[in-house]
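Beneath this line is the structure, given in structure tokens, with notes to follow.
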Amino acid sequence: MIRVCGLRKRYGSLVAVDGVDFEVARGETFGLLGPNGAGKTTTIHMLVGVLAPDGGTVRIDGDGDPMRAAVRRRIGVAPQALALYDDFSANENLRFFGQLYGLTGASLRDAISHALHITGLEARRHDYVKTYSGGMKRRLNLAVAVMHRPDILLLDEPTVGVDPQSRNHLFENIEALSAEGCTVLYTTHYMEEAERLCDRVAIMDHGRILALDTVDALIDAHGGSSVVEAELERPPSEGVAVPGRLNGTSLRVDTARPFETVAQLAGSGLQLRTCVVRRPDLESVFLNLTGRSLRDA
Amino acid sequence: MRTVWTLAKKDLLLLVRDRFGMFWVLVFPLLQATFFGAIFSGQGRGAGQISIAVVDEDRSEESRGLIERLKKSKSLTVFESNRESAATDVRRGKRVAYVAIRKGFGESSRIFMPASAELEVGIDPSRQAEAGYLQGLLMEASFGGIQQTFANPQKMQAQIRKSAEEVAAADDIPASQKAIFQFFFGAMEQFVTKLDPELFKQGAAIAPAKIESVAVRREGRSPRSSFEITFPAAMLWGVIGCTAGFAVSLVTERKSGTLLRLRVAPLTRRDVLAGKAVACCAACVGIIVLLIVLGRLVFGVRVDRPGMLAIAAMCTALCFVGLSMFISVLGRSEQGVAGASWALLLICAMLGGGMVPLIAMPGWMLRMSSVSPVKWGVYALEGAIWRDFSPAEMAMPCAILLAVGAVLFSLGVAINRRIDR
Ligand SMILES: Nc1ncnc2c1ncn2[C@@H]1O[C@H](COP(=O)(O)OP(=O)(O)O)[C@@H](O)[C@H]1O
Ligand SMILES: [Mg+2]
């Protein structure tokens, strides 16, 4: 549905996007995961034809060029910067943007009601956007993106500055859209979101894609081993064989088969106070790929 | 086209909702127009008074009486003069009108023999409001004369007798008719001697003097009131408010991300800019029309040439659309553009007659003012309102406005395109 080849964009001496390739299949939810400044937003802007790439190509559904208005009509975008008119109500924002997508009359009214309904903004539809909370604005930002029923949805960090309740609401909306067959490209710097929502994830840093696969495959390939952490009641007596590294009463075991390790510990006669299994996650993938943590990158 | 209008409507609605924006677009210009208009109008003749010249060609007791009554009217300033200089004063716009009391006015005050027309009012045909008002005042004043006549039975008796003699002497009235008149006059004479004079002092419905209007075209190009100077300037202030508002709104849209959303929508870049331009233009024309209507209804500002005004307003609006587009690229932030726009626009306004009226500028200042598009806007609007421009005269300011607008618009669009790349 989306095919990106050798995409490149520079701002002066800074290379924001440096040869990005990926393909998103129809109906797939695809994640671009990377820290701030990785080049996610720049990539999205090139995907919708707002930015002209310095090199490379973007093709939508066959050979559609997003520089053409007719191709853009099929795409819905929720920009990272809240793109809403603060002095308009939710209703007025939706009506205005709906009209730009050629909706009129009854179909416009239906689209507005539907968008307000799924995002749970009906009660506040006539209030000015400037009176909304951050979460409500994000929900409206999504409502505007989906109101014209696009087949492709580009969501640029749609949960930034959102309370947990709104975040869940947004996730449910996105999952529902995906279930209806919408192709979703989702950028984020929260690995939990990518893990929960995305079929495949591209790890992005400094304008490049470092790895691209399903979440499980990424973890298998780059996540490293699982960790079993245990707290002992008392230090083990001399001569007892202890796996992993022991530090006082804290035990840490790196292992590919964590549950076998737990069983082994349980049978070893050691008195355990607590025992935790940590599977590697996308955070560990990023750490292993870049040497930095996603959070402080 | 519908898309452009959708975009423009959105911008106009946002403008109306922006209190600060509306202050500069509407409230400030209106204050300016009324405040300075009122100050200047206090200087010359008394405010709200119509200044007229009176020519007494009758030199009768009745004509003196009429003049005295006119002088007593609070809404008139009366200057006595001769016919020639009275007409000249009206042509030059020094007096609103002249009233000539023709020979025979006193005679015809006899009740039943109204002569052709005893009063002549010379006034510019465009001044319908004053003409009507003056007519009313004259009726009242001359009617006052009739009242006096009725209130004086002896005088009336004498006049009836004189009328009877005239009818008898007339050779164009058939004898049968003459008999009827004689009978009527006899009865009338009997009647008036028995009248209670007090009754007529309270007023009765009797036809007043006949008034003939003579068209005296004002040839001088001078404003009829100070409001006709302050309102065109105020229109430019309003237009400036719109210009600044729209320049900033483009940056606001870029910063807030809504411009991104517009560009993601299935529109062309041209649609987006055209929407802004149409909205700005409509706002400029709108404020001009609004001020014209207010000026007309409340302050008596009149438009000599409405067609020309439409052209002048359109050219002014288009020029400032271009200026707005240009200003929008003078800064990257909203504050930057707002600062740049007000700095530039205030200079244009000061130079161009927004503060010192063009008509009051010394020669050197007037020459300098030509660099400001504000001057050409004021000039074109005044041309339609009171300067009485011919199409050829109107062509120059309009051509300048359009040319400046076109150049600035292209520049602005080109730079805008580079910013969004
Ligand atoms: N308009 C711009 N001008 C100059 N540099 C920019 C511009 N937009 C983005 N950048 C830079 O490009 C890099 C990638 O930015 P962006 O695509 O916004 O990253 P992300 O969305 O992943 O946080 C950053 O270093 C950012 O500072
Ligand atoms: Mg971003």
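Read-outs throughout are calculated quantities, based only on the coordinates presented, and are distinct from any laboratory measurement. Keep in mind that what you see is a predicted model, and the values were worked out from it rather than measured. Positions of Cβ are backbone-derived with ideal geometry, glycine not excepted, and every protein chain shown enters the neighbour counts.
Structure above, values below:
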{"item": "Computed FRET value (nearest 0.05) for B:R269 with A:D61, which takes r as the C-beta separation and R₀ as 25 Å", "result": "0.60"}
{"item": "Alpha-carbon Rg/Rh ratio, for chain A, with Rh computed the Kirkwood way", "result": "1.09"}
{"item": "On Cα atoms only, tilt of B:153-169 relative to the major axis of chain B in degrees", "result": "80 degrees"}
{"item": "Shape call, region A:1-53: gyration tensor on alpha carbons, a/c limit 1.5", "result": "prolate"}
{"item": "Value of Rg to Rh for region A:88-242 (Rh from inverse mean 1/r over Cα pairs, i.e. Kirkwood)", "result": "1.19"}
{"item": "Calculated from backbone phi, Karplus (6.51, -1.76, 1.60) coupling profile of region A:147-164 in Hz, x at Gly/Pro", "result": "5, 8, 6, x, 8, 10, 10, 10, 10, 9, 6, x, 10, 5, x, 10, 6, x"}
{"item": "Share, in percent, of DSSP beta bridges within chain B that are antiparallel, nearest 5", "result": "25 percent"}
{"item": "Dipole in debye (nearest 20) - chain B, about Cα centre, beta carbon charges: Lys, Arg +1; Asp, Glu -1", "result": "2340 debye"}
{"item": "Surrounding net charge for B:K276, when Lys and Arg each add one and Asp and Glu each subtract one, Cβ distance under 9 Å", "result": "-2"}
{"item": "Length gained when the stretch A:C5-A:D18 is fully extended (0.36 nm per residue, less Cα-Cα span)", "result": "3.6 nm"}
{"item": "Label-point gap, in nm, between B:A168 and A:A256 - each point 7 angstrom along Cα→Cβ", "result": "14.9 nm"}
{"item": "All Cα pairs of region A:120-197, percent lying beyond 20 Å", "result": "29 percent"}
{"item": "Inter-label distance for A:A241 and B:L366, nm, one decimal - labels placed 7 Å from Cα along Cα-to-Cβ", "result": "11.1 nm"}
{"item": "Debye intensity ratio in log₁₀ form over the Cα atoms of the protein assembly as shown, taken at each q of 0.11 Å⁻¹", "result": "-1.11"}
{"item": "Rounded to 5, the percent of DSSP beta bridges in the protein assembly as shown classed as antiparallel", "result": "55 percent"}
{"item": "Signed unit charges on C-beta, dipole axis of the protein assembly as shown, positive-most listed residue A:L140, B:V298, A:L14", "result": "B:V298"}
{"item": "Percent RCO, i.e. relative contact order, over chain A, from Cα pairs under 8 Å lying at least 6 residues apart", "result": "21 percent"}
{"item": "Given charges at beta-carbon only (K, R positive; D, E negative), |dipole| of region A:152-297 in Debye", "result": "580 debye"}
{"item": "Extension gain, A:D163 back to A:A179 (0.36 nm per residue minus Cα-Cα distance, nm)", "result": "3.3 nm"}
{"item": "0 to 90° range, to nearest 10: angle between helix B:128-150 axis and chain B longest Cα axis", "result": "20 degrees"}
{"item": "Percent of Cα-Cα distances greater than 21 Å, calculated over region B:353-421", "result": "37 percent"}
{"item": "Directionally averaged projected area (convex hull, Cα atoms, region B:206-324), nm²", "result": "11.7 nm²"}
{"item": "Hydrodynamic radius of region B:269-331 per Kirkwood, over alpha carbon pairs, in Å", "result": "12.9 Å"}
{"item": "Selection from A:A78, A:A211, B:Q159, by position along the positive dipole direction of the protein assembly as shown (Cβ)", "result": "B:Q159"}
{"item": "Solvent-free Debye scattering, log10 I(q)/I(0), computed from the Cα coordinates of chain B at q = 0.06, 0.07, 0.09, 0.13 Å⁻¹", "result": "-0.41, -0.51, -0.68, -1.03"}
{"item": "Projected label distance in nm at B:V407 and B:K71, using a 7 Å step from Cα toward the beta-carbon", "result": "6.0 nm"}
{"item": "Semi-axis lengths (Å, descending) of the ellipsoid that matches the C-alpha gyration tensor of region A:1-94", "result": "24, 18, 13"}
{"item": "Calculated [θ] (222 nm, deg cm²/dmol) that DSSP helices of n ≥ 4 give over chain A, each run adding -39,500 (n - 2.57)", "result": "-10000 deg cm²/dmol"}
{"item": "Globularity ratio of region B:1-89, using Cα Rg and 2.2 N^0.38 Å", "result": "2.07"}
{"item": "Helical mean residue ellipticity (222 nm; -39500 (n - 2.57) per DSSP H run of 4+; nearest 500) of chain B", "result": "-22000 deg cm²/dmol"}
{"item": "Tail beyond 14 Å, pair distance distribution of region B:329-388 (Cα, percent)", "result": "59 percent"}
{"item": "Cβ-Cβ FRET estimate between B:K255 and A:A106, R0 fixed at 45 Å, reported to 0.05", "result": "0.80"}
